[in-house]
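> Could you have a look at this structure, given as structure tokens, before my questions?
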């Protein structure tokens, strides 16, 4: 049995939330626009480097470290670039980084936050082993909430299993 | 110092008059033996001018979308008494009649009656005087009464569902926390942010929502008053502040923090601010959910390898494993009776919603399509709302606890995820 029924679509199609929804992506960069709410994601393409290109071996530069499926080990190839950032952080004690853990879309949301945390923590441990003070590192895990690639395939998943290292102070 | 928050909490009252449907509702599977019902047009309802449509249409949609009733059309209109023999010959089991009168400037007087054809009795009759703009609410209330009279279960037509709406445009994303009536009508936006919003959780009195917001690139748990839109920070420790779950008495919040360096289950006393950690170790513990008696919590943990459901006693902190079937079980919650849990369950490549009987341990998959997640039980324990993915688009769906009734709630725009069914609100 299949009953299909469309309920009321629009009684008040000009509700404020609708108009604010339209203006959202156009509002000013500082979000001050009409005072209703936030602007769009202002992040520039912080990394510029696709999945294939290596992280820069210069500091201070934001970095992206990729992880294998169901894996939380920092890749050998990334250790050198993490160490370059670590050396900079050790030499500049007022510099601060944020490590953002991310996962692909499979599985439960909060469990993915925990998994993203585990990845970010793995990068943090490498930094700390190099002598970086833990007060210079903030960890946030977005789990699967902030995907870089929006596809539902392995090509997207590879890009989303990732820790971003972002300088909050240099 | 953080940048100024690019975000505002929006008062529910602010949008009190908006009544558009963000979610449509589509019954995809009802029970085979759905009960035949006749909802007769109420006398005088054609003279009532409201934007909500006809009261009997709202009631009819409610009952039909419950999957447990089928509507029988008839040319009859409402009368004081009905001819049971005629209805019996048409195999109709229940008949609803009524009338609506305009009573004063903004007021309506609504009378309705429920008849049981087989016992040939009037089961219920009541007159209500309401403001005109409360007609939709009264219609859901009438649906609740009819549902309870014929099924024995409390109706959920007056409840609400909170969820997260995500709209993407290129690399930009807009996250909104919204609350809608359980039929998808009357969506209110409580919060808009460019940062992810997660894990809405209702207070047991239905007045507040707790949720996770990542504003300023940091996770924090907020409490927001649904009526006023006022909100406050409940938890903003370094690291994870996640998976808030209100205790049944409304006094405590279970949550996930990383104070030990690992995600662990904590319980915060909301009034005093005192914090207690319930789990320890190097594993990932998350997604706490209270037992109805408040004496224990179930949670997701990878302490046995992959994610499985465990139960921790709030008093002695003893942990026992609950799920053994399947390689991945997560985001579990109890039915109101506490004898069953519903959860995200992986079976092969598929993420489905499943129920596990706690006595026998038997797991029953309720859904069978690909990427399901975030199950949330209706307060009567009969329906589960969950997030699903249809043609690459996130939307909500519902399934009955016996798997027999299925509904889809596609969104008008964007992706809808993380539904949380409200408690009973009246």
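Readers should treat all values here as calculations from the given coordinates under stated rules, not as data from a laboratory. Given the structure is predicted, the values throughout are model-derived calculations rather than measurements. We place every Cβ from the backbone using ideal geometry, glycine too, and count neighbours over all the protein chains shown.
> First measure r as the distance between the Cβ atoms of residue B:127 and residue B:46, then evaluate 1/(1 + (r/R0)^6) with R0 = 22 Å and state the FRET efficiency to the nearest 0.05. Before the final figure, lay out each step's value.
Details: r = 20 Å, r/R0 = 0.89.
Here the calculated transfer efficiency is 0.65.
> Pull out a ≥ b ≥ c, the square roots of the eigenvalues of the alpha-carbon gyration tensor of the protein assembly as shown, then state rounded if a/c is under 1.5, prolate if not and a/b is larger than b/c, and oblate in the remaining case.
In terms of gyration-tensor shape, prolate.
> Separate question: Tell me, how many Å apart are the Cα centres for region B:214-282 and for region A:115-164?
22 Å
> At 7 Å along the Cα-to-beta-carbon direction for both residue B:31 and residue B:228, put a label point, then send me their distance in nm to one decimal.
Simple spin-label model gives 4.3 nm for this pair.
> So, one more: Round to the nearest 0.05 the FRET efficiency obtained for residue B:272 and residue B:80 when R0 = 60 Å and r is the Cβ-Cβ distance.
Values: r = 58 Å, r/R0 = 0.97.
About 0.55, to the nearest 0.05.
> Residues of region A:71-104 with backbone nitrogen within less than 20 Å of a virtual label 7 Å along the Cα-to-Cβ line of residue A:148, please, listed as ranges.
A:71-86, A:97-104
> Oh, and also: Once you keep just the Cα pairs under 8 angstrom separated by 6 or more residues, what percentage relative contact order results for region A:63-169?
Working: 217 pairs, mean separation 44.5, N = 107.
Relative contact order, region A:63-169: 42 percent.
> In what sequence do B:140, A:92 fall when counting other Cβ within 10 Å, fewest first?
Values: B:140 22, A:92 14.
Placing the least packed residue first, the sequence is A:92, B:140.
> Related question: Let me confirm one metric for peptide B:191-198, namely the mean number of other chain beta-carbon atoms within 10 Å of its residues' beta-carbons.
Details: counts 2, 7, 2, 10, 6, 7, 1, 6.
Shielding by partners across B:191-198 averages 5.
> Quick one: compute the contact order of chain B, relative version, from alpha carbon pairs under 8 angstrom and 6+ residues apart, as a percent.
Contact order relative to length: 14 percent.
> Can I ask one more? Take region A:63-169, compute every pairwise Cα distance, and split them into 10 Å bins from 0; I just need the percent in each bin.
Bin by bin from 0 Å, the calculated values are 17, 49, 27, 7, 0.
> If a/c stays under 1.5 just call it rounded; otherwise compare a/b with b/c (prolate if a/b is bigger, oblate if not). Do that for region B:331-410, with a ≥ b ≥ c from the square roots of the Cα gyration tensor eigenvalues. Numbers along the way, then the final one.
Working: a/c = 2.15, a/b = 1.42, b/c = 1.51.
Oblate.
> Once label points are set 7 Å from the Cα along Cα→Cβ at both residue B:149 and residue B:207, what is their separation, rounded to one decimal in nm?
3.3 nm
> Rounded to the nearest 500, what is chain B's calculated 222 nm mean residue ellipticity when only DSSP H runs of at least 4 contribute -39500 (n - 2.57) each, over all residues? Intermediate values should be presented prior to the final figure.
Numbers: 3 runs with 34 residues, N = 426.
Computed ellipticity for chain B at 222 nm equals -2500 deg cm²/dmol.
> Nearest 10 degrees is fine. How inclined is helix B:135-151 to the longest principal axis of chain B, computing both from alpha carbons?
Here the helix axis deviates by roughly 90 degrees.
> Sticking with this one: Specify the inter-centroid distance of region B:338-354 and region B:91-166, based on alpha-carbon positions, in whole Å.
34 Å
> Within region B:400-416, find all residues whose amide N lies under 16 Å from a label point positioned 7 Å from the Cα of residue B:390 along Cα-to-beta-carbon.
B:400, B:405-416
> Please report the relative contact order for region B:155-274, taking Cα pairs under 8 Å with a sequence separation of at least 6, and give it as a percent rounded to a whole number.
Result for region B:155-274 is 14 percent.
> Mind checking the angle between helix B:55-65 and chain B's longest principal axis? C-alpha axes, 0 to 90 degrees, to the nearest 10.
The angle comes out near 50 degrees.
> Hey, with R₀ at 22 Å, roughly what FRET efficiency would residue A:158 and residue A:77 work out to, going by the Cβ-Cβ distance, to 0.05? If you can, show how the numbers build up before the last one.
Numbers: r = 14 Å, r/R0 = 0.65.
Once the sixth-power term is evaluated, E becomes 0.95.
> Neighbouring Cβ atoms within 10 Å as the yardstick, rank B:362, A:98, A:162 fewest first.
Values: B:362 11, A:98 18, A:162 23.
Neighbour counts put them in this order, fewest first: B:362, A:98, A:162.
> Could I have the simple spin-label model distance between residue B:317 and residue B:293, label points 7 Å from Cα toward Cβ, reported in nm to one decimal?
2.2 nm
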